[in-house]
1. Which of the numbered conditions does ARG88 fail, given that it passes all the others? Conditions: (1) in contact (Cβ under 8 Å) with a residue 12 or more places away in the chain; (2) closer than 23 Å to GLU162 by Cβ.
2. Can you tell me which of (1) assigned to a loop (DSSP other than H, G, I, E, B); (2) more than 23 Å from the chain's Cα centre (by Cα) is the one CYS123 doesn't meet?
3. Any residue that is within 24 Å of ALA103 (Cα to Cα) and not in a helix (DSSP H, G or I) - is there at least one of those in segment 134-151?
4. Only residues that are under 25 Å from the mean Cα position of the chain (by Cα) and in contact (Cβ under 8 Å) with a residue 40 or more places away in the chain: list them for segment 135-160, please.
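What follows is calculated from the coordinates using simple rules that are stated; it is not laboratory data. Source: prediction; values computed, not measured. So basically every Cβ, Gly included, is an ideal-geometry build from the backbone, and we count neighbours across all protein chains shown.
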Amino acid sequence: MIALLAVVCVFAGVWAASLPPPAMLRLTSIMPTRSAGEAAERATAHRLADRLLRARDLLSGGRRDVTARRAAIVELCDGIAAELAGGRPPGAALTGAAEGLSALPRIASVMDAARSGDDVAACLERAATAPGCEGLRLLAGCWRIGIDRGGMLASVIEGLAEALRDEQTHREEVALQLAGPRATARLLAGLPVLGLLMAVALGARPFAFLFGTLPGGLCLGLGTGLDVLGVWWTRRLATAAEELR
């Protein structure tokens, strides 16, 4: 938090130092003219900000999909265990528990295999390749063990559901602790865009420099690369922290 406040204060100081003199501000207010180049700069800055917001929404949406898939796998295991405890055969128990779980990709192929008597475990392993569906690989192993040993399948899948539920609870606790660092990283990643918007608002033409000159192109490439590297490294650290040891 102290480091974030320091960055914000330094940025505010640079902004205040870059403001034009009061006489220039009064003259601008009296003669409000805007060239075509300035309008293009403003439009480009707004488009850049919109793209950044859409990219963040896509990342958040992907994280929500992974969480929904993990929760659906726990629900699937609970449903299979309940169906087996009620006396239904394994294939019918799986199809009954899987109905309505649209969050799981390839679940339709798994249900078809269960109805036709094909290799259900192989279909579960293929479905486990999607992000957030790692638990289906464990379910495939439990399915093979339970089919070989008969009546143990219900208790084995019930234990798997409990283990997956504990794992998801652990991930949620870690994600809650990482919410602050992730928000800070997103804020720092967006500061360059904020700086460009402020420069355009002050009448400067940063895009003409960044895209029209060699030094500007070098600065743009280096800055973009460092920004992307920082976002990637932050996500890598957060993902490593969420993984179970």
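1. Just one mismatch for ARG88, condition (1).
2. CYS123 satisfies all of (1) assigned to a loop (DSSP other than H, G, I, E, B); (2) more than 23 Å from the chain's Cα centre (by Cα) except (1).
3. Scanning segment 134-151, I find at least one residue that is within 24 Å of ALA103 (Cα to Cα) and not in a helix (DSSP H, G or I), so the answer is yes.
4. Going residue by residue through segment 135-160, those that are under 25 Å from the mean Cα position of the chain (by Cα) are 135-138.
GLY135, LEU136, listed by residue number.
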